[in-house]
Amino acid sequence: MKNHRKTIIISIIIVLLLLIAGGTVMLNQHQTLLQSGRKGNGEITTYPFAKGMREFKEMKVYVQDSKQTQALQLYSVNTNPKRNYPTDDSLLKKAAVATFDMKGKITVAVVYPKAVKSVQVRPATADVKTKIKGKTVFFTLKKWGQYSVEMNGDSITKDLLIFANPPQEKIPASAKVIKGRVDGPLNIAQGQTVYLAAGSVIDGPVTMASDSKLLGRGILTQGGPPAINVPNADHVTIDGINIFDPNDWVVQLYNSTHVAIHNLKIISCRDNSDGITIQSSQDVTIDHSFIRSWDDSIVLKNYTNTNTQNIKVTNSLIWTDLAQSMEIGFETNKGNPLTSMKLSNVLFENIDVLHAFHKAPISIHNADNCSISNVTFKNIILEDAQMGVSGTHGEGGGWPYLIDFDNGNSEEMGGDASWTNNDGNRSIENVLVEGVWVLAGEKSSCGLRLLNEDSGGKSQMKNIQLKNIYFKKQALNFTSMINEANLAGHVSDKNSPYFSPFK
C-alpha cells in the first residue's frame, strides 16, 4: 500500500514538473522570438486576474518590455454580432480582452490555435505593423491605447481587444479603495473618490453624486440599467475603468454638468445597451475611450427642461454592433412640451469607428420640438462600413447611410412612434461634417439621407456643410441626394482631391 501511494505521489510530481516545464519552454520560446529584433524599450505593469470573471483560453498573449516577457490571462467577454432584437443569449460570442499598463514601446506575441493567414490591428491610425510566423502574430505597440487584433478577416469569433492603459497615477489618500469582488449597488457620495483597484469587480450598478470620482483599473459587470448613473450632478470624473456585459444602458448622464470621462472601456451586448447616453447635460468631455455597444454608442438627448450643450467627444474608438455610432436624437424634447428645446455646441473629432454594422455612424434625428445647432463631425475614420447590409454582417436589416440628418416625426424616419414626444417646430442648423474616410466595407452602405418633413411648414434645415468625404480613395458625391431632398440651397457638398488621413 505504501509503495502504491509513493508511486501515485511520484507520478503527480512528474506531471506537475512537466506542466511547469512545458509552460516555461513555451514562454522561453516566445521570449526568444520576441527578442529577435522586436524587443521593447518600455515598461509593462500587469494585474491580478479578477475573481469570478471567465478566462479566455483559445489564444495566448505574451508581452515584453525592456526587462521581461510575461504571459497574460485574458478575459472572456460577451459580445453580440447579431442584429436580432430582443437579444438571444445563445447567439452571443466571446471576445478575448487583455488589459495592462504600459509606457514606452512594448512588443506583443499572440498565439492562435490555427495558422494565421492575415491579421489586422485596429485602429488604422496607430499604424501597427505585424509579422506572422505560423500560428503566432508579432507586433509592437508604441503608445498606450485601445486596440483590436483581428485574425483572418474575422472580427466576430477571433477578436482580441487590448486595453493598454497609461501608468496609473498615485491613488488619492482620501479615496475609498475597492479590492476583490463586491456586490452592487454602489452609491458614491458627494465629494467622494472611489478607486476600483486592478483585479477588482463591482457586480452591479454605480450611482455618482456631485464632485465624485470613479477611478482605477477594475471592472463593472452586470450593472444597470444603467451601469453608471450620474443624475443631477456637477463635476464628476470617470477614468480608467472597464465595463463588461452590462444589463442595459451603460453610462447615463442625466441633467448633469461638467462631467469628464477618460480612458473608459465599454463592451456591451444586451438590449438597449447604449454606450454613453447624455441627457439634458452640459459641459461634458469624453476622451481616449473605447465603446463597443449593442445600441447607440454615444447618444445625445433632451429628457428634462434643460438643454444639452457643450459636448466634446475626442480621440476615441467606437464599434457599433447595433444602431448608430455618433447620434443626436431621437428624443430631443421629452420633458418640456410647452417650449422648444435646444441642443447645441457639439463636437465629435478624431474618432475611429472600427466597425459599423447597422445604421449611420454620423446621425441627427430631430424627432421633437427642438432646435439643433452648431454641431461638428471632424476627422472621422470608418474602417468597416456594413450599414444596412444583409447576410453575414447585417442580420436584422439596418439603414444604408453614412450620414443621416432628419427633421420629423420618428415614424417618418423609420423609428418607433414613442420616440416622438413633442411634435412642433424643428430645426437643424450650422452643421459641419469635414474629413470622413471610409477605408473598407460596402460603398452601398455609404448613402446620405436628408429628411425635412415640414409638419405644416414648421421644420427647417440650413447651413449643412459636407466636406472631403471619401470611400477608399474616391470622393463621395451627394449632390443628387441633396437635390432629391429639395435642400440644394441649404446643404453643400464639396470635396478636395483625395488626401490621406494618416500623418
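Residues that are out of contact with any strand residue (DSSP E or B) (no Cβ under 6 Å at 6 or more places or on another chain) and at pLDDT 90 or above within the stretch 394-408 comprise 399, 402, listed in sequence order. Residue 335 falls short of the stated requirement of being of a type outside the set (D, E, K, R), touching a Pro at 6+ places or on another chain (Cβ under 8 Å) and assigned to a loop (DSSP other than H, G, I, E, B). For the stretch 326-372, taking the residues that are surrounded by 24 or more Cβ atoms within 10 Å (Cβ to Cβ) and among the small types (Gly, Ala, Ser), the one that is farthest from the chain's Cα centre (by Cα) is identified as 367. Within the stretch 172-189, restricting attention to residues that are under 13 Å from residue 220 (Cα atoms) and assigned to a loop (DSSP other than H, G, I, E, B), which residue is modelled with the lowest pLDDT? The residue in question is 184.
Across the stretch 328-350, the number of residues qualifying as basic (Lys, Arg), modelled with pLDDT of 95 or more and touching a Phe, Trp or Tyr at 6+ places or on another chain (Cβ under 6 Å) comes to 0. Within the stretch 98-128, the set of residues being under 26 Å from residue 314 (Cβ atoms), surrounded by fewer than 22 Cβ atoms within 10 Å (Cβ to Cβ) and among the basic types (Lys, Arg) comprises 103, 105. Only residues that are β-branched (Val, Ile, Thr) and over 14 Å from the mean Cα position of the chain (by Cα) were counted across the stretch 237-256, and they come to 2.
Among the residues of the stretch 410-429, those identified as assigned to a loop (DSSP other than H, G, I, E, B) and either outside the structural domain of residue 451 (by TED's automatic domain parsing) or farther than 9 Å from residue 330 by Cβ (or both) are 411, 412, 414, 421, 422, 423, 424, 425. Scanning the stretch 245-293 for residues that are of a type in the set (Asp, Glu) and part of a loop (DSSP other than H, G, I, E, B) yields a total of 4. Of the residues making up the stretch 264-316, those that are of a type in the set (Val, Ile, Thr) and touching a Phe, Trp or Tyr at 6+ places or on another chain (Cβ under 6 Å) are 267, 277, 313.
The values are calculated or read from the model by the stated rules, or taken from the named source; none is laboratory data. Quick caveat: nothing in here was measured; it's all calculated off a predicted structure. Every residue, glycine as well, gets a Cβ built from its backbone with ideal geometry; the counts of neighbours run over all protein chains shown.
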